[in-house]
Amino acid sequence: MKMITAIVNKKDAGEVCDALAEEKFTFTKMATTGGFLKSGNVTLLIGTDDDKVDRALDLIKKHCAKRMEPMPAMVSAGVPTLGYYKTEVLVGGATVFVSAVERFEKM
């Protein structure tokens, strides 16, 4: 058995969860924040049999789009703030960890 920990952008979470549920994966969904943008994420905990890991990863990859999003940036040349400007950064996709499960019990 494996535990998949998938951190996905909150904009992709609905599609990922729907796709996983449609294929009968069970999971726990937690709202999380992190990264240098401090934007909202969803962390999914997916317990599954070894032979189903690749299918779960395929679904996550398929439904997590990478995209450019605007981010305000501060301009400072060692003096008080000169102002703000917008830049774009790549967001989305998923960060996924697959771990072996030593023991599993439903109580």
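Worth a mention:
- Evaluating Lys106 against the criteria (1) open to solvent by less than 40 Å² (accessible area, probe 1.4 Å); (2) modelled with pLDDT under 90 leaves one unmet condition, (1).
- Any hit, segment 10-22, residues being assigned to a strand (DSSP E or B) and out of contact with any helix residue (DSSP H, G or I) (no Cβ under 7 Å at 6 or more places or on another chain): no
- Considering residues of segment 73-98 that are within 30 Å of Phe25 (Cα to Cα), modelled with pLDDT of 70 or more and of a type in the set (Val, Ile, Thr) only, the residue surrounded by the most Cβ atoms within 10 Å (Cβ to Cβ): Val96
- Residue check, Thr26 touching a helix residue (DSSP H, G or I) at 6+ places or on another chain (Cβ under 9 Å) and open to solvent by 30 Å² or more (accessible area, probe 1.4 Å): yes
- Taking segment 47-72 as the range and being free of Cβ contacts under 8 Å to residues at least 40 places away in the same chain, surrounded by 12 or more Cβ atoms within 10 Å (Cβ to Cβ) and either touching a Phe, Trp or Tyr at 6+ places or on another chain (Cβ under 7 Å) or not charged (D, E, K, R) (or both) as the test, only Met71 passes.
The values are calculated or read from the model by the stated rules, or taken from the named source; none is laboratory data. Bear in mind that the values here come from a model prediction, so they are computed numbers and not experimental data. Please note: Cβ atoms are built from the backbone with ideal geometry, for glycine as well, and neighbour counts cover all protein chains shown. Just so you know, the surface numbers come from the protein's heavy atoms only, side chains and all, with ligands and any DNA or RNA stripped out. Shrake-Rupley method; radii C 1.70, N 1.55, O 1.52, S 1.80 Å.
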